[in-house]
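The values are calculated or read from the model by the stated rules, or taken from the named source; none is laboratory data. All values reported here derive from a predicted model rather than from experimental measurement. Reconstructed Cβ throughout: ideal geometry from the backbone, glycine too, with neighbour counts over all protein chains shown.
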Amino acid sequence: MELTTTRLRLDALRENDADMLFHYRSDPEVARYQGWRPVSRDEASDFIASQERASLDIPDSWLQFAIRLSTDGTLIGDLGLHIPAEADGSYEFGITIAPVHQGNGYAREAVQALLTWLFLTLDARRVHASIDPRNLASAALLRSLGMRQEAHFRESLKVGDEWVDDVIFALLAREWALTDTGR
Ligand SMILES: CC(C)(COP(=O)(O)OP(=O)(O)OC[C@H]1O[C@@H](n2cnc3c(N)ncnc32)[C@H](O)[C@@H]1OP(=O)(O)O)[C@@H](O)C(=O)NCCC(=O)NCCS
């Protein structure tokens, strides 16, 4: 599976991405509001290996894309896509961009490509993302894509030792069709 944009290529994570994946995913600022923070390079490597079996055809599973610069293939982040448990057209995603590459519009570009593919090719009905409300960068990203906040669950998730709030942003196919990308 491969998606391309003006500046990016989204494809499979490879074993030689392990150093870079570990480097940015273990950064405390990056991991602050996320459920997964690798504690070693080996854990990042195991995660990549586990993705070898990942497929769009496995219900209720996560498919993790590498986000690369199209110029030289540098890994700059990753994007996880949850395949619905039942074929109900409802997808979830989460995205991470390495700090050194943040603020360049890469997350927006990658998610726009993902949404286009989900709505046009996979015939998605609804796409959502789940974030910690303190994660202002993520909320800004999701709003900039036309997603709307539709739920705020108080202290509903345990991340490490902490109970945290969970905010859901979503977009329906017909709403996406009215955004700049979908038009
Ligand atoms: C959230 C994240 C992916 C954004 O990546 P990015 O490449 O820096 O985002 P972009 O440059 O594409 O910015 C997209 C929009 O969000 C806004 N934004 C991004 N970072 C922001 C910040 N720190 N504060 C306020 N707004 C911000 C941008 O202004 C932009 O809006 P605009 O298009 O209206 O100008 C990145 O900060 C990150 O990886 N955070 C850590 C991982 C994480 O918590 N992921 C959450 C899972 S959904």
In segment 15-58, how many are surrounded by 15 or more Cβ atoms within 10 Å (Cβ to Cβ) and either more than 15 Å from the ligand (Cβ to nearest atom) or in a helix (DSSP H, G or I) (or both)?
17
Which residues, taken from segment 128-148, are crowded, with 16+ Cβ neighbours inside 10 Å, more than 6 Å from the ligand (Cβ to nearest atom) and over 17 Å from GLY35 (Cβ atoms)?
ALA139, LEU142, LEU145, GLY146, MET147
Of the residues in segment 96-127 that are within 6 Å of the ligand (Cβ to nearest atom) and of a type in the set (A, V, I, L, M, F, W, C), the one that is nearest to HIS23 (Cα to Cα) is ILE97
Residues in segment 103-124: is at least one modelled with pLDDT of 95 or more, out of contact with any Pro (no Cβ under 8 Å at 6 or more places or on another chain), within 22 Å of LEU157 (Cα to Cα) and of a type outside the set (A, V, I, L, M, F, W, C)?
no
Applying the selection to segment 1-40, what residues are of a type in the set (D, E, K, R) and more than 17 Å from ILE76 (Cα to Cα)?
ARG32
Just name the residue that is surrounded by the fewest Cβ atoms within 10 Å (Cβ to Cβ) out of those in segment 84-98 that are under 20 Å from ARG174 (Cα atoms) and touching a strand residue (DSSP E or B) at 6+ places or on another chain (Cβ under 9 Å).
ASP88
Going by what's in this entry, would ALA66 be described as assigned to a helix (DSSP H, G or I) and surrounded by 11 or more Cβ atoms within 10 Å (Cβ to Cβ)?
no
